1. In Å², what does the accessible area per residue of the chain work out to with a 1.4 Å probe?
2. Run the accessible area of the chain with a 1.4 Å probe and give the carbon-and-sulfur part as a rounded percent.
3. If r is the Cβ-Cβ distance from residue 319 to residue 242 and R0 is 22 Å, what FRET efficiency results, to the nearest 0.05?
4. How long are the semi-axes of the equivalent ellipsoid of segment 138-255, taking √(5λ) for every eigenvalue λ of the Cα gyration tensor, in whole Å from largest down?
5. Cα extents of the chain along the three principal axes, largest first, in whole Å?
6. Excluding residue 248 itself, calculate the net charge of residues whose Cβ lies under 15 Å from the Cβ of residue 248, where each Lys or Arg counts +1 and each Asp or Glu counts -1.
7. Grab the beta carbon distance between residue 197 and residue 98, set R0 = 41 Å, and tell me the FRET efficiency rounded to 0.05.
8. Give the average over all directions of the projected area of the C-alpha convex hull of segment 78-204, one decimal, in nm².
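The values are calculated or read from the model by the stated rules, or taken from the named source; none is laboratory data. Computed from a predicted structure; not experimentally measured. Glycine also receives a Cβ, built like all others from the backbone with ideal geometry; neighbour counts cover every protein chain displayed. These accessible areas exclude ligands, DNA and RNA; they are computed on the full protein's heavy atoms, side chains included. Shrake-Rupley method; radii C 1.70, N 1.55, O 1.52, S 1.80 Å.
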Amino acid sequence: MGAGYTNHQFNPGVHTFRSFSLDSAAGSQSLYSNEITAYVESEFPITKNINTNAGLHFNTYFVDKSIYPSLQPRITVNYNMKPNWSVKSSFVYMQQNLHLLSNNGAGLPTDLWVPATSTTSPQYSYLYSIGLFHTFDKKGVELSIEGYYKSLDNQIEFSEGASFFGGTNDWEDKIERNGKGRVYGVEFLAQKDHGRLTGWIGYTLSFNYRKFDNINKGKWFPYKFDRRHYFTIAANYALKKNIIFSGDLVFNTGNAITLPDGKYPTINEEFKQGIFPGTLSVFNQVYDNTYTYSGRNQSRMPVYHRIDLAVRFIKERKKGTREWVISVYNIYSRQNPYFIYMQHDKQKKLHLYQITLFPIIPSFTYVRTF
């Protein structure tokens, strides 16, 4: 059991400009809040083959003149059916007093953590899971398959056409509230924890959706981090006691993103003031394109994948150990996109371009322990 108190100071949306003649900051005003937490948790057997871990988490969040209290129960039940076979199930209710705001279109990715306020309630979720586990004691291998479903309430999202940049500085003027979410999927895992060769192989099939009354015509749409497939392999091989090779492979579906699927020409009429005082305004026609969208987050960024390799040389000293590590990140220099953006060429044709941050990166590390 335990208890805690936290005082928060948030500066959401703040961006600062500095020059020789200017030093200013813009964005939402600072917000202060207080949080009181307490929890109790215990593990106890129900029968010879059924063990339970149950707990209750109490949280009260104070912001402005609003108070958000919550009782958050959680329970995990482990049923040992027979030797080396078990079924685990759990239920968790959680309240989170922070929200994540992410831009969904092309351009620099901006993830902004913002607090619950008197007008933006905390988000909460119900998580259900059940899994089957089997162990091979002699080989040190464990296999598992686990399914889960999470429902979310009080979600927030940027309104249609709104983003972190531009418009009003206050993020609360740019969002839709009271959204719903659902996340579900199945996870497969095989892991080996002893022997010369250790590691794991994991695969997750997941679905992550959101729904708001004023976004995507009130229909469910993929969340930015809706990654349909996530596959990973990690391995360590001890060639000798003091020489260990390691590597990992990561592969996952690209983030969901909102991109136009069509366009049509438009003519905007405007009046411009004459060059000289007292002259007549000039009528002007501006030819432009208006883009159409099939829905929120209906496109995908390219898949993400890479391989990392490393070798460790360990030597015992009289006092401690010495270790050299040679590693290569992204060994085949996969150009994984950090973000993509749209830009017209000289013929005024629209193209998509991507920015990559981390190509192949070799590194050498020396570790000395005493």
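1. Heavy-atom accessible area per residue stands at 63 Å².
2. On the way: 13600 of 23270 Å².
Heavy-atom surface of the chain belonging to carbon and sulfur, 1.4 Å probe: 58 percent.
3. Working: r = 17 Å, r/R0 = 0.77.
After rounding to 0.05, the efficiency reads 0.85.
4. Working: eigenvalues 356, 62, 21 Å².
Gyration-tensor ellipsoid for segment 138-255: 42, 18, 10 Å.
5. Cα spread of the chain along its principal axes, largest to smallest: 93, 50, 45 Å.
6. Working: positive: 192, 306, 312, 334; negative: 308.
It works out to a net charge of +3.
7. Details: r = 41 Å, r/R0 = 0.99.
Rounded to the nearest 0.05, the efficiency is 0.50.
8. Values: hull surface 43.9 nm².
Averaged projected area of segment 78-204's Cα convex hull equals 11.0 nm².
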